[in-house]
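The values are calculated or read from the model by the stated rules, or taken from the named source; none is laboratory data. Please read these numbers as outputs of a predicted model, since none were measured by experiment. Positions of Cβ are backbone-derived with ideal geometry, glycine not excepted, and every protein chain shown enters the neighbour counts.
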Amino acid sequence: MSSYKSPLLVLVVNCGSSSVKYSLLPVGGGAPIASGAAECLGLPEARLSIKLNGVKIVEDLKGGAHEAALSAIFAHLQTEGFLRYIAAVGHRVVQGGERFSESVVVTPEVLADLEKLTPLAPLLHPANMLGIRLCMKSFPMAPQVVVFDTAFHQTLPPAAYTYAIPRALQREHGLRRYGFHGTSHRYVSGKAARMLGLDPDNHGLVIAHLGNGSSATAVLNGRSIDTTMGLTPLEGLVMGTRSGDIDFGAAAYIARVAGLDMAGVDDMLNKKSGLLGISELSSDCRTLENAADEGHEGALLALDVFVHRLARCIGGLATSLPRFDALVFTGGIGENSGRIRAATLRRLEVFGFTLDDEANREMVGGRGGRIDADFGPAALVVPTDEESVIARDAAALAHLSDLDVFAAQRRAAV
Ligand code: AMP
């Protein structure tokens, strides 16, 4: 056991359908003290990887699912002496529907409202709920705070969130566009506006969050007003394994020619399409860039389609803004791929974007800053930090003040 003496900590938990990710952050900010991920849950290869003091530990979960993963995580936190300092738990929840436009503390009423949202995200939501319930059981004294992927987009106007289908479906089943990656878009847009010294009440940004999942959002004065993802995270940009926008007629055609039912088509468009489907090689952008350098035809086409769709969506989002001050890249691809950024800015010349090649090469591996050549709209890289936003929301809603931290430090020092 380590002799850890800490101020208060927030545990951030992200329960996916077959994974659990966590990180432990100090209240008041700072780098994670511990983090890890359990993957392949429910399968024979289920395992937990933990990063602690720069050392990686991998534990076989012996086919266990979420409960086994969280028990193993809590056991590690206990061994390291962290458990008693956890003052709040922040949960990433994918879907908050129209009910939740900001983060909330879990109460019996909130829990009941959350349960009602399962039909909108039938795969992920039950896993999110399980994570909340298991943490409530293990940390009965710590407030549980829920931070929604959709909440930041609740400011979308009806014109941007309404599908052109019979309105009864929206009234009766909540069928509308919600948008996702809201925690990242919120953090990155705030940080970009501060980095550029923009007037908080008069600026317009497009944020391109590009990772395994990708979405772009138009942000006006800190509020999301248009975004590329819809009812589910399938809509919009080309992603690692997701198709993004596709003609529904094409989906119906796939069902006929491939002999698939709705669930089969859904699975194909979510898990076998995107960069993977086009390249017939990989869903991973870095792998595709290396293959493209070797002349791999599928990789070259996949990257071209990715950039084409991205530029087209950014152009569309720009028309929702009264002014376009900056395009901001974030996410694993946005933060690291100079190639994708350069190709995208070239496609957006119509807006007056320019590129500083050297700055573009330098902005990798967590470095943020401008990559434009100082005229036209700004283009910049801002590394995202969803965990710190979740931790901050959790600490604020749990009313953990500097005084609590100070008192905890004093107790730990005795
Ligand atoms: P994320 O889902 O945000 O973790 O992003 C994962 C994506 O970022 C994968 O497609 C990675 O290949 C991509 N990525 C990470 N580093 C690089 C890099 N140096 N160059 C290109 N793509 C990268």
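Observations
- Members of the stretch 324-349 that are of a type in the set (D, E, K, R) and either within 16 Å of the ligand (Cβ to nearest atom) or in a helix (DSSP H, G or I) (or both): E335, R339, R341, R346, R347, E349
- From L24, L41, L11, L70, residue being surrounded by 21 or more Cβ atoms within 10 Å (Cβ to Cβ) and part of a helix (DSSP H, G or I): L70
- Scan of the stretch 327-364 for residues that are of a type in the set (K, R), within 16 Å of L237 (Cβ to Cβ) and within 24 Å of the chain's Cα centre (by Cα), ordered by number: R341
- Filter pass, L317 being within 16 Å of the ligand (Cβ to nearest atom), at negative phi and either modelled with pLDDT of 95 or more or not in a helix (DSSP H, G or I) (or both): no
- Test: residue in the stretch 287-298 that is assigned to a helix (DSSP H, G or I), away from the ligand (no atom under 16 Å from the Cβ) and modelled with pLDDT of 95 or more: yes
- Filtered residue count, the stretch 171-205, keeping only those that are touching a strand residue (DSSP E or B) at 6+ places or on another chain (Cβ under 6 Å), assigned to a loop (DSSP other than H, G, I, E, B) and farther than 14 Å from H153 by Cα: 0
- Filter pass, F353 being away from the ligand (no atom under 16 Å from the Cβ), under 12 Å from A379 (Cβ atoms) and in contact with a strand residue (DSSP E or B) (Cβ under 9 Å, 6 or more places away or on another chain): yes
- Of all residues in the stretch 356-376 being surrounded by 20 or more Cβ atoms within 10 Å (Cβ to Cβ) and over 30 Å from L24 (Cα atoms), the one that is farthest from the ligand (Cβ to nearest atom): D372
- Among the candidates I278, I246, the residue that is buried (at least 18 other Cβ atoms within 10 Å of the Cβ), among the β-branched types (V, I, T) and free of Cβ contacts under 8 Å to residues at least 60 places away in the same chain is uniquely I278.
- Some residue of the stretch 158-170 being out of contact with any strand residue (DSSP E or B) (no Cβ under 6 Å at 6 or more places or on another chain), closer than 21 Å to G315 by Cβ, in a helix (DSSP H, G or I) and modelled with pLDDT of 95 or more: yes
- Taking the stretch 206-243 as the range and being outside any loop (DSSP other than H, G, I, E, B), of a type in the set (A, V, I, L, M, F, W, C) and touching a residue at least 60 places away in the same chain (Cβ under 8 Å) as the test, the residues that pass are V206, I207, A208, L210, A216, A218, L220, I225.
- Residue within the stretch 187-194 that is in contact with a Lys or Arg (Cβ under 7 Å, 6 or more places away or on another chain), farther than 16 Å from P377 by Cβ and either touching a residue at least 60 places away in the same chain (Cβ under 8 Å) or away from the ligand (no atom under 13 Å from the Cβ) (or both) present: no
- Residues of the stretch 357-366 that are free of Cβ contacts under 8 Å to residues at least 24 places away in the same chain and either closer than 14 Å to A326 by Cβ or in contact with a strand residue (DSSP E or B) (Cβ under 7 Å, 6 or more places away or on another chain) (or both): A359 alone.
Here's the yes/no breakdown for (1) without any contact (Cβ under 8 Å) to a residue 12 or more places away in the chain; (2) of a type outside the set (A, V, I, L, M, F, W, C); (3) under 22 Å from T384 (Cα atoms); (4) in contact with a Leu (Cβ under 6 Å, 6 or more places away or on another chain):
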site: L260; (1), (2), (3), (4): yes, no, no, no
site: K271; (1), (2), (3), (4): no, yes, no, no
site: V307; (1), (2), (3), (4): no, no, yes, no
site: T330; (1), (2), (3), (4): no, yes, yes, no
site: I340; (1), (2), (3), (4): no, no, yes, no
